[in-house]
Amino acid sequence: MIKLQKPNLYSVNIKIAISFILILLISIEIMGAFFLRELEKTTITNFETTVNGQVDQLSVIIKRDCLKYSGDELNTVLNSSLKAFASVELQDAVVIDDHGVIIASIGNNPKYDVGLKTNEREMLDFRSKQQIVTEKGGRIYENYHPITKDNDAALIGMLIVKADIEPSYSEVRQTAFLFFSASILSIVICAGVAFLVSRSITTPIKEIKDAAISIADGNYSQEIEVTGKDELSDLAATINGLSTTIKNAQEKIVDDKNRLDNILFHMREGVLATDHKGNITMVNAQAERMLALKEEDALKQNIIELLELEDEYTFDEITSTDVQTLQIEREITKNRDIILQVQFSNMRTATGYLRGVVVVLHDITEQEKIDREQKEFVSNVSHELRTPLTSMVSYLEALHDGAWRDEELAPNFIDVTLTETQRLIRMVSDLLTLSRMDNAEIPLKKELVDYKDFVSFILDRYDMLLESGEQKLKIERNFELEDVWVDIDPDKMTQVIDNIINNAIKYSPDGGTIKIGLIDQHNDAVLSITDQGLGIPKKDQRKIFERFYRVDKARARAQGGTGLGLSIARDIVEAHHGLIWVESSFGRGSTFYIVLKAESFDDDWDDEVSA
């Protein structure tokens, strides 16, 4: 599960709102600074201009009065002129003569009473001057205006006007407060608008984020509602399209993986995959069966160790070429070996980096066995044919050289040649029979027969042969069943039983007993044929059903055997879906077992056949 949640302080919604507020605050501060500065400058300048204008007018009046009047009358006129000039802002207005004596004044400051001589340096300086000074009551605007005669610069006196400029500053402060209050209100309103605007932006972004998380988690059903025609709407539509594309791609990947898993599972070949170090990362079921191990055990091993190649190859040597083919033989169980053809194929990236190796195992055990059997078969056929042919050629050459004139040797030579010829005919006939059975060209003509009667009929024939023959043998019957029915081809099964009984007769000593047993075991009819011959060594018991295989080759040829009888018997029994095997102890005789499936035979069918 992918988690993208962060504290609210870091959300885009908060960032956008704070950005808008900061931009507005900075803009208001900059504009407010310029505005208040200009407002203060303008207000103070206007105040000073007004006061200065009034001072200029009053100075003209005072100069006129000073030139026109004198003494007490002058004082009275000047006081009247000052009172006429008085205003709300005017705090003090003082007129001094050229000696610094106050000749007229208005205001509440006792130090400016008429008749007193001022000792203030600014007043006695008699120069024009404007300044703002700060006193306990606030800021005061002072204007020092000298009064001179018209024609010359002779000094008459000085007019000093002190006006309260603090109300103007108070007006500026009130305006600043109103501006600040309006700014705060604007910021609050802007913050609300910013949150709404940012929410309108971040809500689609959040939906897109949630959809992206769902896609990352494998849920492709969530679809973003597209409203409007802005960039976010285009992004939402793109995400919806991306979700559909990823969903289709994911489904295709899953389908391909399932298909690949099915292919690997049902493949006849074993398949393993490794990483770039040779460690196994994947094993299919067939490879598990071939190597007789479980997947969890294989995944813990290196491919070189698993295939037991560490003494011959290293992983680097195996991967030195893109395709490497080896053949190994491995013991799966105690009595079963397997021959594998191992093909290594390198997996590389576009840059040539080794990503891993795919190892394909081909079970060529049967193929090797068939190839070996074919070679042995050709060798055996050649040998078996060459022996009688060599004998025939020798006798025919002797006859050709004049032995035919010898009345004693000639008939013997002809008899041997005839015997070998008949042996060749039997051998060729058996080979043709095997070939046809291998190619399924000999159909079975099955009948439902009473197996006990069937075997008894064959044994009766041998009883007659043994009674009339020179070899003194006895056939003993041990039938532990009454009626057992089997579905067989009578001719083919007669050939099987004849072959085994003939072998028993050949290899049993005079006066011996051949035991024939027939039992019903687990719905199977089991026929056993036991002789008292020399027996078969244990190492040869698995091979006697192979073509041309003989335990005692010299004795078998002397008795006219082709070495194909038991092989034909095995093919016939297996064609009946039965089993045939031998149990023997060397020097104690052999027992051949033939197992066929017993068939049910109900009374209704019996009545129908009888009818």
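The values are calculated or read from the model by the stated rules, or taken from the named source; none is laboratory data. Predicted model only: the values in this text are computed from it and were never measured. Glycine gets a Cβ as well: all are built from the backbone with ideal geometry, and neighbour counts include every protein chain shown. For the accessible areas, the whole protein counts, side chains as well, though only heavy atoms, and no ligand, DNA or RNA atoms are used. Shrake-Rupley method; radii C 1.70, N 1.55, O 1.52, S 1.80 Å.
Side notes on the structure shown:
- Lys/Arg +1, Asp/Glu -1 at C-beta; the range 161-291 dipole; positive extreme among Cys190, Thr238, Ala273: Ala273
- Interchain or long-range residues, amide H under 5 Å from Ile147's placed H: Ile156, Gly157, Met158, Leu159
- Accessible area of Asp491 in the full protein assembly, 1.4 Å probe (Å², nearest 10): 120
- Using only side-chain charges placed at the Cβ, +1 for Lys and Arg and -1 for Asp and Glu, the dipole size of the range 184-316 relative to its Cα centre rounds to 820 debye.
- Probe 1.4 Å, all protein chains present, accessible-area order of His576, His99, His362, largest first: His99, His362, His576
- Given 12 as the ceiling on other Cβ atoms within 10 Å, longest exposed-site-free region of the chain for GluC sites (Glu not before Pro) in DSSP loops: 1-224
- For Asn284, the residues 5 or more places off, or on other chains, whose built amide H falls under 5 Å of its own are Val271.
- Vicinal HN-Hα couplings computed from phi for the range 48-55 (Karplus, 6.51 cos²θ - 1.76 cosθ + 1.60; Hz; Gly/Pro x): 5, 4, 5, 5, 4, x, 5, 4
- Projecting the Cα atoms of Gly589, Thr43, Asn262 onto the dipole axis of the chain, where Lys and Arg carry +1 and Asp and Glu carry -1 at the beta carbon, places Thr43 farthest toward the positive end.
- Think of the range 53-191 as having a plus end and a minus end, set by charges on the Cβ of Lys, Arg, Asp and Glu; of Phe180, Thr76, Ala104, Phe180 sits farthest toward the positive end of this dipole.
- Whole-Hz ³J(HN,Hα) from phi, Karplus 6.51 cos²θ - 1.76 cosθ + 1.60, for the range 288-296, glycine and proline x: 4, 5, 5, 9, 6, 8, 9, 4, 5
- Residue-averaged [θ]222 nm for the chain, counting only DSSP H segments that reach four residues, each worth -39500 (n - 2.57): -17500 deg cm²/dmol
- Square roots of 5 times each gyration tensor eigenvalue, C-alpha, the range 279-357, largest first, Å: 24, 15, 11
- Overall, the chain carries a charge dipole of about 3440 debye about its Cα centre when +1 sits on the Cβ of Lys and Arg and -1 on the Cβ of Asp and Glu, all other atoms neutral.
- Annotation: the range 117-161 has a Kirkwood hydrodynamic radius of 11.7 angstrom, from the mean reciprocal C-alpha pair distance.
- Between Phe586 and Lys506, the C-beta separation translates, for a Förster distance of 25 Å, into a calculated FRET efficiency of about 0.90.
- Exposure check, 1.4 Å probe, all protein chains in place: Lys111 carries approximately 110 Å² of accessible surface.
- What the phi angles of the range 271-287 give under the Karplus curve with 6.51, -1.76 and 1.60, with θ = phi - 60°, is a coupling list of 10, 10, 10, 10, 8, 6, 9, x, 6, 6, 10, 8, 9, 8, 4, 5, 5 Hz, glycine and proline written as x.
- Of all DSSP beta bridges confined to the chain, the antiparallel ones make up roughly 95%.
- Accessible area in square angstrom per residue, the chain, 1.4 angstrom probe: 61
- Share of carbon and sulfur in the accessible area of the chain stands at 53%, probe radius 1.4 Å.
- Size descriptors for the range 283-324 (Cα atoms only): Rg and Dmax, in that order, 11.5, 29 Å.
- Largest first and in whole Å, the equivalent-ellipsoid semi-axes of the chain read 142, 28, 18, each the square root of five times a Cα gyration tensor eigenvalue.
- Hull-based mean projected area of the range 34-175, where the convex hull spans the alpha carbons, in square nanometres: 9.1
- 5 angstrom amide H check on Asp524, placed H, neighbours 5+ away: Ala598
- Each residue was assigned an accessible area with a 1.4 Å probe, and for Lys445 the value is about 150 Å².
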